[in-house]
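Novice: Could you have a look at this structure, given as C-alpha cells, before my questions?
All of the numbers you see were taken from the coordinates with simple rules; none came from a lab. Bear in mind the structure is a predicted one, so any value in this text is a computation, not a measurement. Cβ coordinates were reconstructed from backbone atoms using ideal geometry, including for glycine residues, and neighbour counts include every protein chain displayed.
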Amino acid sequence: MEPNDPRADSAFRSVHRLIAGYLAISILTLAAIVLMRNDPAVVTPAVWTRAVIVVITAVLLILFATRAARGSRGAFRRLRIVSVITPVAIVVIIALPGTFPVWMKIEQGVCGLIMTGVAAVANGRYLRSRFAVRQNAAK
C-alpha cells in the first residue's frame with residue numbers, strides 16, 4: 001500500500017471507529033455479565049464463553065486494522081477474513097434457539113451490524129486494490 005493515501009487513511013479510520021465501538025460494546029457486555037453472574041438464567045457458561053471470545057476478537061481486530069493501515073498485507077487479509085466470519089457466526093448465534101438469552105442475542109445483533117460495516121469497508125474494492133500484489137508484466 002502506498003503511504004499518505006488519504007482515501008485509504010479515511011477508510012481505515014472508519015474501520016478503527018467501528019471496531020472500537022465493537023470493542024466497547026463487548027467490554028460493557030462482559031462487565032454486565034460480571035454484575036449478573038449470580039443469576040444462572042441470565043448468565044450461562046455459554047454466555048461467559050461467548051463474551052470472552054468477542055472481547056479477544058475485538059482486540060485482535062484492532063491489531064489487524066492498525067497493522068493493515070501501516071501497510072501489512074497479512075494483517076489486511078486477516079482483517080478481511082475475520083470481518084466476514086464474525087457476522088456469520090453472530091447470525092448463527094441469534095438463530096440457535098435457547099443457546100443464549102434474548103438480551104445477549106440483541107447485543108450480538110448490534111455487534112453483527114457493526115462488523116458488517118467493517119466487512120463492507122475492509123472488503124471494498126478500493127482497499128483491496130491498495131493491497132493487490134502487482135504482477136510484473138516483463139516476466
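Novice: Just from its helices, what would the mean residue ellipticity at 222 nm be for the chain, if runs of 4 or more DSSP H residues each count -39500 (n - 2.57) and the sum is divided by every residue, rounded to the nearest 500 deg cm²/dmol? Present the calculation step by step, with values, prior to reporting the outcome.
Specialist: Numbers: 5 runs with 106 residues, N = 139.
So the helix-based figure for the chain works out to -26500 deg cm²/dmol.
Novice: So, one more: For the charge dipole of the chain, defined by +1 on Lys and Arg C-beta atoms and -1 on Asp and Glu C-beta atoms about the Cα centroid, which residue among Ile106, Tyr126, Asn38 has the Cα displaced farthest towards the positive pole?
Specialist: It is Tyr126.
Novice: Please work out the Cα center distance from the range 100-134 to the range 40-84, rounded to the nearest Å.
Specialist: That distance is 11 Å.
Novice: When the Debye formula is applied to the Cα atoms of the range 68-127, each taken as the same point scatterer, what base-10 log of I(q)/I(0) results at q = 0.13, 0.26 Å⁻¹?
Specialist: Reported log10 I(q)/I(0), two decimals: -0.40, -0.98.
Novice: Ok, one more. Nearest 20 debye, what's the magnitude of the dipole of the chain about its Cα centre given +1 on Lys and Arg Cβ and -1 on Asp and Glu Cβ?
Specialist: Numbers: 17 positive and 5 negative charges, 153 e Å.
About 740 debye.
Novice: Putting +1 on Lys and Arg Cβ atoms and -1 on Asp and Glu Cβ atoms, find which of Ile94, Thr66, Trp48 reaches farthest to the positive end of the dipole of the chain.
Specialist: Farthest towards the positive pole: Thr66.
Novice: Moving on to the next point. Net charge around Thr57, counting only other residues with Cβ within less than 15 Å of its Cβ (Lys, Arg = +1; Asp, Glu = -1)?
Specialist: Details: positive: Arg50, Arg78, Arg80; negative: Glu107.
That works out to +2.
Novice: Ratio of Rg to Rh for the chain, alpha carbon only, Kirkwood? Write down the numbers at each step before the final one.
Specialist: On the way: Rg = 17.4 Å, Rh = 16.1 Å.
Value, to two decimals: 1.08.
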